[in-house]
Amino acid sequence: EAQVTQNPRYLITVTGKKLTVTCSQNMNHEYMSWYRQDPGLGLRQIYYSMNVEVTDKGDVPEGYKVSRKEKRNFPLILESPSPNQTSLYFCASSNPGQGNQPQHFGDGTRLSIL
Amino acid sequence: DQQVKQNSPSLSVQEGRISILNCDYTNSMFDYFLWYKKYPAEGPTFLISISSIKDKNEDGRFTVFLNKSAKHLSLHIVPSQPGDSAVYFCAASRNSGYALNFGKGTSLLVTP
């Protein structure tokens, strides 16, 4: 089954404790992206990756890092989480280079930073 | 600055009637538009899309209309069903699917 898998689905942690949210897709997609969803703000892009070893900032990259060492994986790293990073996070993937293609989303990771 | 706007946070429609969800955008460079549906505790699910070279795309009960001169698109659901109750996000891209810009969403409630 074609899917985007995020882990963990839920995490409560404390300020300053490094955490990583993993994202994996099995569709051989070149493009992967991270979004955060906040009440009243919709989904905003954090970082994206056009392919292996190619990453770039989205609209709200502050406080986040990413890496793309393999095509299927695109982890989101919070080196020193702060309460304003409490949010619902979504990973997505697609192959836009093959013409208009929709992004497929994971089921989300709810992070609470205390 | 919000480039994609959904000005109705919520919409309530009776089962069997038409649901019309609206979306406006400001960037004339957008060339690909999508609608996503989101249930609680799940990720957004792709529903339907339209390229800027078209003005209408239909898929079963779902039709998306694009008015480029007005920078407006709408999603029509006919007939509406209770299972359609969800949050609907409009999204737009200016490079054929990379970097989606999302609206804030419209919560649709279809009542029996």
Scan the range B:11-50 for residues that are under 28 Å from A:ASP107 (Cβ atoms) and in a strand (DSSP E or B) and report the count.
21
Return a yes/no flag: does the range B:65-83 have any residue that is open to solvent by less than 50 Å² (accessible area, probe 1.4 Å), free of Cβ contacts under 8 Å to residues at least 24 places away in the same chain and in contact with a Ser or Thr (Cβ under 7 Å, 6 or more places away or on another chain).
no
Looking at the structure I just gave you, is B:LYS54 in a loop (DSSP other than H, G, I, E, B), closer than 21 Å to B:GLN3 by Cα and at the interface with chain A (Cβ under 10 Å from one of its Cβ atoms)?
no
All but one of (1) at pLDDT 90 or above; (2) within 11 Å of chain B (Cβ to nearest Cβ); (3) closer than 18 Å to B:PHE89 by Cβ; (4) open to solvent by less than 50 Å² (accessible area, probe 1.4 Å) hold for A:PRO102; state the number of the condition that does not hold.
(1)
If the requirement is being under 29 Å from B:GLN3 (Cα atoms) and in contact (Cβ under 8 Å) with a residue 12 or more places away in the chain, which of these qualifies: A:LEU11, A:LEU88?
A:LEU88
Within the range B:16-46, track down each residue that is within 16 Å of B:ASN101 (Cα to Cα), open to solvent by 30 Å² or more (accessible area, probe 1.4 Å) and either hydrophobic (A, V, I, L, M, F, W, C) or free of Cβ contacts under 8 Å to residues at least 12 places away in the same chain (or both).
B:MET29, B:THR45, B:PHE46
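The values are calculated or read from the model by the stated rules, or taken from the named source; none is laboratory data. This structure is a prediction, so every number in the text was calculated from the model and none was measured. Note: ideal-geometry Cβ built from the backbone for every residue, glycine included; neighbour counts use all protein chains shown. Only protein heavy atoms, including side chains, enter the accessible area calculation; ligands, DNA and RNA are left aside. Shrake-Rupley method; radii C 1.70, N 1.55, O 1.52, S 1.80 Å.
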